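The structure appears right after this line, and notes come after that.
Bear in mind these aren't lab numbers, they're just calculated from the coordinates by the rules spelled out. Given the structure is predicted, the values throughout are model-derived calculations rather than measurements. Cβ atoms come from the backbone with ideal geometry, glycine included; neighbour counts cover every protein chain shown.
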Amino acid sequence: MKTMENRRLALLYTMLALPAFIWMVPTLWMVSLSLQPNALLARTTSNTFWGLIPYPLTLDNYVNLLAHGQVHVWFFNSLVVALGMTIGVLVLSTTAGYAFARLNFVGKKTLLVLVLLGLMIPEQAVFIPLYTLFSELGWHNSHHGLIIPRLAVPIGVFIMIQFFRGVTRDVEEAARIDGANTFQIFWHVMLPLARPAMMTVAILTFLYAWNDYLWPLVSAQRTEHFTITLGLASLQSNFAQSEGLGSVMASGVIASMPVVILFLIFQRYVVRAVAVGGSKG
Amino acid sequence: MFEQFKTDLRWAGVRQNLVAWVFLLPFVFVYVAFLIYPFGRGVWISLHDWNLLAVTFNPDAKTFIGLDNYLRLFWGTEMTWRAWARPVLQGLCVLAAVFFVWRYRIGELRWSTLWQCLMVLLLLMFLFGWAPGEGGRWFDRRFWPTVGNTVFFVAMVVPAITIISLLLATALNRETRGAAFLRTLFFLSQVLSVTVVTLIWQMMFSARQGLVANVVREFGGVPLSWLAEPGFAMAAIVIATVWWSIGIAMVLFLAGLQDIPQEMQEAAKLDRANSVQAFWYIILPNLKRTITLVVILQIILHFQVFGQAHLMTQGGPNDQTQVLVRYIYQTAFRDSDLGIASAMAVFLFVIMAVFSAVQFMVSREDEQ
């Protein structure tokens, strides 16, 4: 029985090996091109094994990118925006989520329905009025201008409500008997318990912030305010004038590095975040 | 004494409300100011003749024109109604109607649901019948083709992603290291940004330097410039999108597979069902709800496609890959016509809202 199971597994992996390889080829190719000299790439992109093996190997593209160009500025902007957005969403969604799940107030049901209806509004339906609003406020070309629109999206609140509803009331009652007020309970009891849910929200937000394209495209017009995602798009469209294919691919690799590392470390949370975020909008 | 108790109670209530609002206020403020208010403002802009540049320099340079923007998008001159103006679309409606009636006959659909579906289809059939007649033309020649391209894109991407990710999820739903590794591998492309994905695939499909072209050349073929070739450009975008986004669907299917009782699969094994039979008779019927949800979710997600078309093909060739969000973006920020662009955004919202409502109903149905 055991051997049959093993044989079936072996068969399955053999069958999946080719699709898996094909699936990886585009990414491998990008990494490989980023490690080849620009002069060679101008001549041919299929030097060794269709260009999938970086030979001759060079790190010049990365060195050049970090020495000149704006990639490091864009990278820094992305980091500030993504971290700012993550912290902001965490603060707003834990407080509001706790209030909706555990506190009583007048008009709770109505407000909750109003907030959940906000899940139906796609970014594309509000980016034009947001643009005019931010123009009036003078918020374009700034970090907060890129952070704030996403803070209003209720998906994080929704995840936190689901979590806080699942915590047993006993913990809270015990703390209340010990004389803790609502704020102390929230800070010392609920937040430590909520760490996994907060991780889910944080990762969902960070990934979204890092990869967001439409709003930065509209709001950040000066190159020194670009995020790395946006900067990469501008490199693509000015491809002919840029320093070469290898450099462009190297900036693609740099742009992907943080999210790929984040994903590999926190895979469990990413998968959870996708499952929760996916099934609820 | 009793009065005192009542005032205390009332005060406790007020205090409770105050405390709750301290927690709520930050989010509610941001939510109203940066989501609800802009949304309302968007609808308001859509009722105006509103030029971005003109209004920026002179806030009074807009005029209220009611629903004219919507008319300019949806309608044309000399509009006439014919029963079979669009045989393909109307034929699909008839097929859908037959499908729903069949589902009702085998008892999988309630009478009220069937009735609602048929009414919607009838309405669609009627709307599809309208077109500019003799000597007439659409006010906006690009709008409906753009919507059509978007629908076509969704119709290609969603089934492809659903089928591939369902097969992968079924194959990789086991607790071995190899399966975990392959899951990671197939999910990885999902975390890349749209600009990285388009960078890769733009190069992949390049006629001179692309990997596809290099391989074709190796086998003696003549490489195509996919992104500039009519018919191939849309295919290229679809391939890039499928590669990019099977991850979410796969994860949702894996979650759905975890919910299938283990005994059922054991029983199938004891009955010597092979894997194809097990897939067909055990997994598929049990995943019906998940499949429906994944399909609706994908429709909502991919209807908003923008980056792929904007960066890989710039909507070309001949507008073949022009999609709705890109048209909104261009109308607003290249043509500066915020009124029309906002009307299109409202149209997009209505479509998204319909699918969100369906999603909500489906997910509520399985909680019952």
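A few points about this structure:
- Per residue of B:179-190, other chain Cβ atoms within 10 Å of the residue Cβ number 5 on average.
- Dividing the mean sequence gap of close Cα pairs (under 8 Å, 6+ apart) by how many residues chain A holds gives a relative contact order of 30 percent.
- Shielding value for A:19-29 is 5, the average number of Cβ atoms from other chains within 10 Å of each residue's Cβ.
- Cα shape, the protein assembly as shown, gyration tensor, a/c 1.5 rule: rounded
- The range B:220-303: trypsin sites (Lys or Arg not before Pro) in DSSP coil with no more than 15 other Cβ atoms inside 10 Å: B:Arg272
- Euclidean distance of C-alpha centroids, the range B:36-70 and the range B:217-257, integer Å: 39
- Most tightly packed first, judged by the mean number of other beta-carbon atoms within 10 Å of their residues, the peptides B:328-339, A:185-196 read B:328-339, A:185-196.
- Neighbouring Cβ atoms from other chains, within 10 Å of the Cβ of residues in B:300-312, number 3 on average.
- Take every Cα pair under 8 Å whose residues are at least 6 apart in sequence, average their separation, divide by the length of the range B:279-360, and the relative contact order is 27 percent.
- Dipole magnitude (debye, nearest 20) for the protein assembly as shown, charges at Cβ of Lys, Arg, Asp, Glu: 980
- Cβ crowding within 10 Å ranks A:Met85, B:Met264, B:Met344 as B:Met264, A:Met85, B:Met344, fewest other Cβ atoms first.
- Only the Cβ atoms of Lys and Arg (+1) and of Asp and Glu (-1) were treated as charged; on that basis the dipole of the range B:143-329 about its Cα centre amounts to roughly 140 debye.
- Quotient of Cα Rg and 2.2 N^0.38 Å for the range B:88-177, N being how many residues it contains: 1.59
- Look at the alpha carbon pairs under 8 Å that are at least 6 residues apart: their mean separation over the length of the range B:143-329 gives a relative contact order of 35 percent.
- Around the Cα centre of chain A, unit charges on the Cβ atoms of Lys, Arg, Asp and Glu (plus for the first two, minus for the last two) sum to a dipole of about 860 debye.
- Ranked packing of B:221-232, B:103-114, most packed first, by mean Cβ within 10 Å: B:221-232, B:103-114
- Ranking of B:Phe27, B:Phe74 by count of other Cβ atoms within 10 Å, fewest first: B:Phe74, B:Phe27
- Mean silhouette area of the range A:2-58, derived from the convex hull of its C-alpha atoms and averaged over all directions, reads 4.8 nm².
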